[in-house]
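Every read-out reported here was derived from the displayed coordinates using simple, explicitly stated rules and does not represent laboratory data. Here the structure is a predicted model, which means the values were calculated and not measured. A quick note on method: Cβ atoms are made from the backbone with ideal geometry, for glycine too, and the neighbour counts reach across all protein chains shown.
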Amino acid sequence: MIEVGFIIFLFYSNLLMGEFERSGPGARRGIAWAIADVFTAANFGIATIAALIGYALFEFLRKRF
């Protein structure tokens, strides 16, 4: 569970950092807007699926090597 949570954390931190790059509107609209834009149901679904796939892949590699 810790590995899945960490992958989800990395996913959301990457999305939030993307809002504050030169092309992202986060710098103009503020942190509250960026957080509301990043934390959506669709992003949570993508993060969960990616975390489960990542966890399964790492467990496979741990057992293999």
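Here, P(r) means the percent of Cα pairs in each 5 Å bin from 0 to the largest distance; for the chain it is 3, 18, 22, 18, 15, 11, 7, 4, 2, 0. Were the residues from A50 through F6 laid out at 0.36 nm apart, the gain over their Cα-Cα distance would be 14.7 nm. Which trypsin sites (Lys or Arg not before Pro) does region 5-65 hold that lie in a coil by DSSP with at most 14 other beta carbons within 10 Å? Loop-located and lightly packed - R22.
Counting 0.36 nm for each residue step from K63 to T40 and taking away their Cα separation leaves a gain of 4.8 nm.
Tell me which of A51, F39, P25 sits at the most positive position along the dipole axis of the chain, charges placed on C-beta atoms (Lys, Arg +1; Asp, Glu -1). Farthest towards the positive end: A51.
Dipole magnitude for the chain: about 140 debye, using +1 per Lys or Arg Cβ and -1 per Asp or Glu Cβ, origin at the Cα centre. The helix-only estimate of mean residue ellipticity at 222 nm for the chain, built from DSSP H runs of length n ≥ 4 each weighted as -39500 (n - 2.57), is -26500 deg cm²/dmol after division by the residue total.
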